[in-house]
Structure formats: C-alpha cells, structure tokens
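As structure tokens, the structure follows; a few thoughts come after it.
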Amino acid sequence: MLLLLLGIIVLHVAVLVLLFVSTIVSQWMVGNGHATDLWQNCSTSSSGSIRHCFSSSTNEWLQSVQATMILSIIFSVMSLFLFFCQLFTLTKGGRFYITGFFQILAALLSLGRSDPVQQTTSVFLKGKN
C-alpha cells in the first residue's frame, strides 16, 4: 500500500513538472533568427547581437490556450493538495473522488489546448513556404 501511495505522489509531481515545463518553455518555433512561443515573439538582428522580444498577439485563441495552460496547472496543484488532505482525513477504505475529479479536469484542460496549438503551428509553417 505504501508503494502505491508513493507511486501516486510521484505521478502527481511528474504531471506538475511536465505542466510547468510545457507552460514556461520558450521557443516552440525556431528558425532564421526568429523564435516564437505562446508568450512572446523574439527576433535577432542581422548582426546577431541585438534581440528584440515582443508580446505575442492578442488573438482570442492564443488567450484561450494561455488560460487553459494556467488552469490546468492550478487544478493539478489543487489535486495534489487535496490528495494529501484526503490521505490523512479519509477513513480507511475511503475513495479519492475529489482528487481524481480535479486531476481529470486538469488533464482535459491540457488536452483541450492541443488543437489551437496545432492550428498555430500549421499557420506558422504555411507562412514559411
């Protein structure tokens, strides 16, 4: 039983790390002195010494993807916190329904943001041709 609990804790922490990395990581699209991610667009001057970064566009799809990324992190953190709370307060044999609900909600939000990101990637790739 202790091994199962340890595995669940490791799974929660791994999900949190992956969510943070996917949200914070920059340079999703890199090429020819230009790097684009969900938060900013950066370009390097032709000499390579000056780097200009601007906020990403204010498109509605971009803001919705940013919001779902933040919400999935929040729900995942809540799930881990509730897991620890329920671990010490539930009676023996109790179910972790609340924790599972928040973890599933975080997973659905992180899956829901993949479609706009794929559309964005195709738009950037079409512009390169």
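The values are calculated or read from the model by the stated rules, or taken from the named source; none is laboratory data. Quick caveat: nothing in here was measured; it's all calculated off a predicted structure. Heavy atoms of the whole protein, side chains included, go into the accessibility calculation; ligands, DNA and RNA do not. Shrake-Rupley method; radii C 1.70, N 1.55, O 1.52, S 1.80 Å.
Put MET78, MET69, MET1 in order of accessible area, highest first, and with a 1.4 Å probe you get MET1, MET78, MET69. Largest accessible area first, the listed residues ARG51, ARG95 line up as ARG95, ARG51 when surface is computed with a 1.4 Å probe on the assembled protein chains.
3J(HN,Hα) couplings calculated from phi for region 95-107 with the Karplus curve 6.51 cos²θ - 1.76 cosθ + 1.60 (θ = phi - 60°) are, in sequence order, 9, 9, 5, 5, 4, x, 4, 5, 5, 5, 4, 5, 5 Hz; Gly and Pro show x.
Per-residue SASA remark: TRP39, around 90 Å² accessible (1.4 Å probe; ligands, DNA and RNA not included).
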